[in-house]
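The values are calculated or read from the model by the stated rules, or taken from the named source; none is laboratory data. Please read all numbers here as calculations on a predicted model, not as lab measurements. FYI the Cβ positions are ideal-geometry reconstructions off the backbone, even for glycines, and counts take in every protein chain you see. SASA here: full protein model, heavy atoms, side chains in, ligands and nucleic acids out. Shrake-Rupley method; radii C 1.70, N 1.55, O 1.52, S 1.80 Å.
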Amino acid sequence: MNKKEESKAAQKDSSQIRQKNMIAAHYSRLARAPETGEKCAYTFVPGNLTELLRSFDLLPVLPEINALQSAMRGKSRDYIRLAEKAGHSEDVCTYVKCDLGMMESGNIGPTGERLPDPDLLLLSYTGCFTFMKWFEILREEYDAPVAMLHVPYQGDGEITDSMRKYVVDQLRNKVIPAMEKVSGRAYDEDRLKEELARSAKAEDDLVAVLESARNKPSPIDAYFGGVYYIGPIFTAFRGSEEAVGYYEALRAEIEERVRLGKGPITPDGEMGPEKYRIVVEGPPNWTSFREFWRMFAEEGAVVVASSYTKVGGVYDNGFRHDPSRPLETLAEYCMGCYTNLNLPSRVDMLVRYVEEYEADGLLINSIKSCNSFSAGQLMMLREVENRTGKPGGFIESDLVDPRYFSAANIKNRLESYFQMIEQKRAGVAARGA
Amino acid sequence: MSAADPKTLAERSEEIYRDYEFTTVRRWKERTGGLAIGYMPIYVPRELLHAQGCLPVGILGGGDDLEIIRGDAFYQSYICHIPRSTIELGLNGSLDCLDGMLFPAICDVIRNLSGIWKLKFPDKLSRYLDVPQVFEPELGGMFYRHELEELASELERRGAKPLEPEALRESIRVFNENRALVREVYDLRIREPWKVPSAELYVLMRAGLVLPVEEFTAMLREYLDGVRADEDRKPMDQARILLTGSFCEQPPLGLIKTLERAGCYIVDDDLVQIHRWLLHDIPEDGDPMDRLVQAFLDDSMESPTRYIDERGKGKELVERVEGSRAEGVIFCAPSFCDPALLDQPMVVKAVEKAGIPWTAFKYAENNGQFQVIREQAGTFADSIKLWSGV
Amino acid sequence: MTSLRYFVGIDLGSTTTKSVVLDEEGRILGRGITNSRSNYEVACEVASGEALIDARFGLIERDLKGRGVGEEECGRLLKALELRFREKQYRAQLDNLCVTIRKILDERKEDPAVVLAADTVLSTMNEEVSELYAEGSSRKSDFFRDLAGSRYLSLAESEARGRGVPYDLLVGLYDKAILEVENMPAAEDAFAAHASAALADLEGAPEALGDAIAAVRELEMIEGGSVGTGYGRQTLPFPKESIRSEILCHGLGAHAMFPGTRTVLDIGGQDTKAIQVDENGIVTSFQMNDRCAAGCGRYLGYIADEMNLGLHELGPLACESNRPVKINSTCTVFAGAELRERLSLGEKREDILAGLHRAIILRAMSLLARSGGIEDEFTFTGGVAKNEAAVNALRELVRENYGDKTINISPDSIYTGALGAALFCWRDHRRTRAA
């Protein structure tokens, strides 16, 4: 028994170490880029065109990921301060300010190595207005070419032919030529198709991992743990062999937990009994990520589904990258990202999660920085409450600004929320008896 | 006192723009039986609505005297004010006279408001109007044309007239006529700002969001005649400033008055921007739909909501400063306005590079106190006058 | 000796700590309140101690009625007894204060002039006690800190002037001493001692009162359990399973006071809560203000400071207004500036205040809307529920936006959270016993 425990702990470690190594290798490749002559493109997580970049041997750099990494390493406060000192408003997105502060401080990435300047700013304008401003600012700082990809919003909750054509035409006539110019390579559609085929394979496994939370107890936390699971596929690795291998291994690991009837593992170890099953909407806070997670874990609250794990692509609705329609599939991927969905579609998705994952309710972590997520969340909360009959909870924090994480306040609300669920259950049980 | 007295016209305009009952809109509907379609900032193709027999009605929030009861329930404290008051107007019945609402692509808050509208008012037309951020005709142009065609058919499904090219051409002409007068008033303000006080101009333009364009055109004519005839308006020693950042949520009228009283002539601004969004007339020949699309692609004002490529940020503003002979720039943005506030540092850089003095502050549409702004603007105006005297 | 099992609920708030004691039938025995202080444990102890004293008074009343004493007579006797009791209590604390101040003076080897000044102040205070608790007198506060403090400060001011002693020094002395005095829990037998002494002071008290006091004095009170809640509850001196969310406690407490309650609004010092409860007092939805304290009780505090008024004076003044001004911002940061500007524009204080009260209630209205609106019946609790101007604004806005609703405000509304906590405690106890 003991031995088995040990080997399983090692297994868990192996997927995490694997991811860590992948990321470290990527960052050091980036750091060496100025010597090796490899070219890099800065781009965003939602609507990232990783397969396309990879088909040109362009290395992706994701400023959002750099910002959240800075926050987890306790650097964001100083970075944000620097940006505000330079005239950026306290009202606006702290990812942007953290990134600018980092740039000003030497652009040192999470592994302690300097990140290369961009050879291309791939402005995939997907689901977030701020992205456009962000790269306008970076363009002035770096004097790098910008490839603008305007991804239309699903205002009416669907992707029309006109929208698809608009994105495909931009890819073909603007984005691909820009990549050809920067990389010095010609567009190689066969290679892109290979990448896309590997994406689809990894996406199958990712969906299996996320949907494992339907089990009781759930073997994963689909929010706090979820951000690790989406890591490779949301960033530089979609379409790569490493990603395929990672997701195979991760899936096997999670399936083993299901077989053993285990709950999620947290940074503080195995979680206690599952008391609450929660659906969470909104990004996490990164500056106090572990503390935030602990507030859930200590109460026995497991997140069984989250919308944040869909910002870099929604796959649990059946969408897969389709190698037979390379540009169309990229267009549909971009337009299908969570923050590119309209509010009614987002409400539908959350209602489905509460029901299919048999959750106790929806909790919203409302993020000051992110209007794309946050504007309208109070209405969404009411809609989901009304449609599911399950109680909703609401907390507020920020992405990477530690000034907006009030631990006492959040803990207070979370505990009230969990106790409310418990009390409601007791009430229902009492009435039923 | 003649009917053309500009003060009286301004008073009437203020009444119209403060009227939450939208009496003029209701009357228009009774008269014509057409659809009244509300729109949020900044830009919608009013010509198209007009050609289909609809009345475009600009909704720029609830201003400073609307009490927010339910609107705040929809938004966290870190979100700007305009969507709260707009929802309040929706929920308190003020907007019942509208048959639909258009939400142009301007920022994520207004974008998401379109979804709230769909959920809250499922029976009304509510449409997010995506506008291209890529300006090649075969890319953004094609897409935008398609967006407009979809809008036109949706309007038709709701009972508007089908879109006929000749009607659109005529509407373009009607709006060109209006645009020419709008330009004339603004040009007059640049030349003789004492003749066209900004508080007056502002309420006039606000009334123009609600009135049928033909009435607004007549009103502008009347106003221009009145102002030209008014001998009592004499120049004062004020600093000429350009106001920018107020293109969506509007500052309270009191703020505009405060700036003027503090010694500023506002000689250019981006308030009520839709009247001036297109810089020139839309050509009245050729395919009118093409012309409408092309005008948006090529002839729009620079705005933080619009992607600016290689040209670089702030150049247009510097040109506008020169064109209006402004002596300084006031960045005057609503709190939590992403487009304005994210843009500001870039534009400030351009303004500084051009050696133009600037200052900045924030507001909310329902601000009630202007003391700090009065002091700041007064100091700014004084420093400008001091320097120009040297 | 007979005994009685009781259950305590404690609500540790940012400014006051409240306690409610229930008997085994879940009926309220007594309530207690004290200033919250840095030492939460002591605050809880003092509040519970006060609640137990109140409980014993309640028991004396029950006992008296049991002995056939009429309602009116009973009330008169208890009132007289309690006044004398409070006097004894005050004297005991004043003694503590004297001892503590003298100790500090000794330690500091203070200048004789200072010692003399302090002594004079304290002995004058001692002489004034009877007057303070004279028949028909009224006191501004029930807290020793406030009562003694206001006398001390005003006496110290004249002493300082008269003797050329720094006033600040005398104030500092009090501030240091009061912390210690407040943190001294009452002696174990304080109730018995004070009650007996109080009785002795009452001339011509009926024998029944003496008997009732004797019976209650002898009664052994056994704590059956306690549950804590409130702002400071992260550090409440209770085990985790004995801590309940303040939201839940407020919901249940309001339900207990007004069983028809469906919506609860609580405006406290630091936060505002809008709560929906079902027919059993179970919370179904809630909203709290975000991290800024705009529109909370604290905001009124700033306004009072800015206007040089006492907090309790704001409401009555605002009620005099005929033309409330329109105020949009309840931002505590801007409150001062807005206020000064309006005053300088010549607007009347009462009109501004009326506008401010309305603005606070407007904030609360949006929280209520967020939580699901207002259902009949609607219960308003918290410190601001005592403010008449706020209540008026609330009534008006509720009527305008939700139509006619029953609005409940209890004079004991400050104890809502503590009552809920006590009920949770009592329920837990019954459940475990049943199981």
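Counting every pair of alpha carbons in segment A:163-296, the share spaced more than 19 Å apart comes to 62 percent.
Under 1.5 on a/c is rounded, so check that first for chain B, then, if it is not, pick prolate when a/b is larger than b/c and oblate when it is not; a ≥ b ≥ c are the square roots of the alpha carbon gyration tensor eigenvalues. Cα axes put chain B in the rounded bin. Distant-in-sequence amide contacts of A:Cys40, defined by a placed amide H-H separation under 5 Å and a gap of 5 or more residues or a different chain, comprise A:Leu59, A:Asp119, A:Leu120. Excluding the site residues themselves, the longest part of chain B lacking any GluC sites (Glu not before Pro) in a DSSP loop with at most 12 other Cβ atoms within 10 Å is B:22-230. For segment B:11-82 versus segment A:79-127, the spacing of their alpha-carbon centroids is 39 Å.
The C:Glu72 and C:Arg27 beta-carbon pair, evaluated with R₀ = 22 Å, returns a calculated FRET efficiency of approximately 0.45. Measure off, as a whole percent, the carbon and sulfur share of the 1.4 Å-probe accessible area of segment B:72-150, all protein chains present. That share works out to 51 percent. The distance between label points at C:Arg399 and C:Asp412 comes to 3.0 nm (points 7 Å beyond Cα on the Cα→Cβ vector). Filter the cross-link list B:Lys313/B:Lys385; A:Lys75/B:Lys313; B:Lys313/B:Lys349; B:Lys315/B:Lys353; A:Lys133/B:Lys315 down to pairs whose alpha-carbon distance in this structure exceeds 18 Å. Correct reply: B:Lys313/B:Lys385; A:Lys75/B:Lys313. When you filter the trypsin sites (Lys or Arg not before Pro) in segment B:233-268 for DSSP loop state and at most 15 other Cβ atoms inside 10 Å of their Cβ, you are left with B:Arg233. Calculated FRET efficiency, C:Leu4 to C:Arg161, Cβ-Cβ distance, R0 = 60 Å: about 0.70 to the nearest 0.05.
Taking a quarter of the surface of the Cα convex hull of segment C:122-255 gives a mean projected area of 13.0 nm². For a test of the definition: using alpha carbon positions, the gyration tensor, and the 1.5 limit on a/c, classify segment B:34-163 as rounded, prolate or oblate. Note, shape of segment B:34-163 comes out oblate.
Summarising the amide proton neighbourhood of C:Gly228: residues at separation of 5 or more, or on other chains, whose placed amide H is nearer than 5 Å comprise C:Ile10, C:Ile243, C:Arg244. Measuring between their Cα centroids, segment C:123-137 and segment C:1-54 lie 28 Å from each other.
Fully extending the segment from B:Glu177 to B:Ser77 would add 31.8 nm, taking 0.36 nm per residue of separation and subtracting the current Cα-Cα distance.
What is the ratio of the Cα radius of gyration of segment B:237-390 to 2.2 N^0.38 Å, with N the residue count, to two decimals? Write down the numbers at each step before the final one.
On the way: Rg = 16.5 Å, N = 154, 2.2 N^0.38 = 14.9 Å.
Ratio of Rg to 2.2 N^0.38 Å for segment B:237-390: 1.11.
Buried accessible surface for the A/B pair, both sides summed and rounded to the nearest 100, is 4600 Å² with a 1.4 Å probe. May I ask you to list the residues of segment C:48-73 whose amide nitrogen lies under 14 Å from a point 7 Å from Cα along the Cα→beta-carbon direction of C:Leu219? Under cut-off, by backbone N: C:51-67.
Computed from Cα atoms, the angle from the helix A:94-104 axis to the main principal axis of chain A rounds to 40 degrees. Mean residue ellipticity at 222 nm, helices only, chain A: -17000 deg cm²/dmol; runs of at least 4 DSSP H residues each add -39,500 (n - 2.57), and the sum is divided by the number of residues. Going from the isolated chain to the complete set of protein chains, segment A:74-96 loses at least 50 Å² of heavy-atom accessible area (1.4 Å probe) at A:Asp91, A:Val92. To put it simply, the accessible area of chain C at a 1.4 Å probe is 48 percent carbon and sulfur. Heavy atoms of the protein chains alone define the surface here; on that basis segment B:34-163 has 24 Å² accessible area per residue at 1.4 Å probe size. Entry comment: accessible area of segment C:259-409 is 39 Å² per residue, from protein heavy atoms only and a probe of 1.4 Å.
Backbone amide hydrogens, once placed in the peptide plane, bring A:Glu396 within less than 5 Å of A:Ser366, excluding anything fewer than 5 places away on its chain.
Carbon and sulfur together cover what percent of the accessible area of segment A:43-193 at a 1.4 Å probe radius?
Its accessible area is 42 percent carbon and sulfur atoms.
Helix B:6-18 axis versus longest C-alpha principal axis of chain B: approximately 50°, rounded to the nearest ten.
Sparse packing (at most 16 other Cβ atoms within 10 Å of the Cβ) combined with a DSSP loop state is found for the following trypsin sites (Lys or Arg not before Pro) in segment C:1-49: C:Arg27, C:Arg37. Specify whether the C-alpha gyration tensor of segment B:178-326 places it in the rounded, prolate or oblate class, a ≥ b ≥ c being the square roots of the eigenvalues: rounded for a/c under 1.5, otherwise prolate if a/b is larger than b/c and oblate if not. Oblate. Chain C against chain A buries an accessible area of about 2100 Å², both chains summed, 1.4 Å probe radius.
Taking B:Leu163, B:Leu292 and ordering them by how much accessible surface each has at a 1.4 Å probe, largest first, produces B:Leu163, B:Leu292. Set against the 2.2 N^0.38 Å expectation for a compact globular protein, the protein assembly as shown has a Cα radius of gyration ratio of 1.04.
With both labels modelled 7 Å from their Cα along Cα-to-Cβ, the C:Asn39 to B:Arg228 distance reads 8.5 nm.
Translational diffusion coefficient of chain C (Stokes-Einstein, Kirkwood radius from Cα pairs, 37 °C, 0.692 mPa s): 138 µm²/s. Only DSSP H runs of four or more residues enter the estimate; each adds -39500 (n - 2.57), and after division by the residues of chain C the mean residue ellipticity at 222 nm equals -19500 deg cm²/dmol. With both labels modelled 7 Å from their Cα along Cα-to-Cβ, the B:Arg18 to B:Thr379 distance reads 3.2 nm. What's the FRET efficiency of C:Ala435 with A:Arg73 using the Cβ-Cβ distance as r and R₀ = 60 Å, to the nearest 0.05? So, using R0 = 60 Å, E works out to roughly 0.75. Compactness of segment C:86-182 was expressed as the Cα radius of gyration divided by 2.2 N^0.38 Å, which yields 1.04. Chain C packed on chain B takes about 1500 Å² of accessible surface away from a 1.4 Å probe, both sides summed. Solvent-accessible surface of chain A, averaged per residue with a 1.4 angstrom probe and all protein chains in place: 34 square angstrom. In the elastic network of chain A, a GNM with C-alpha springs shorter than 10 Å, the most mobile of A:Arg277, A:Arg251, A:Arg382 is A:Arg382.
The spacing between segment C:141-175 and segment A:33-68, judged by their C-alpha centroids, is 70 Å.
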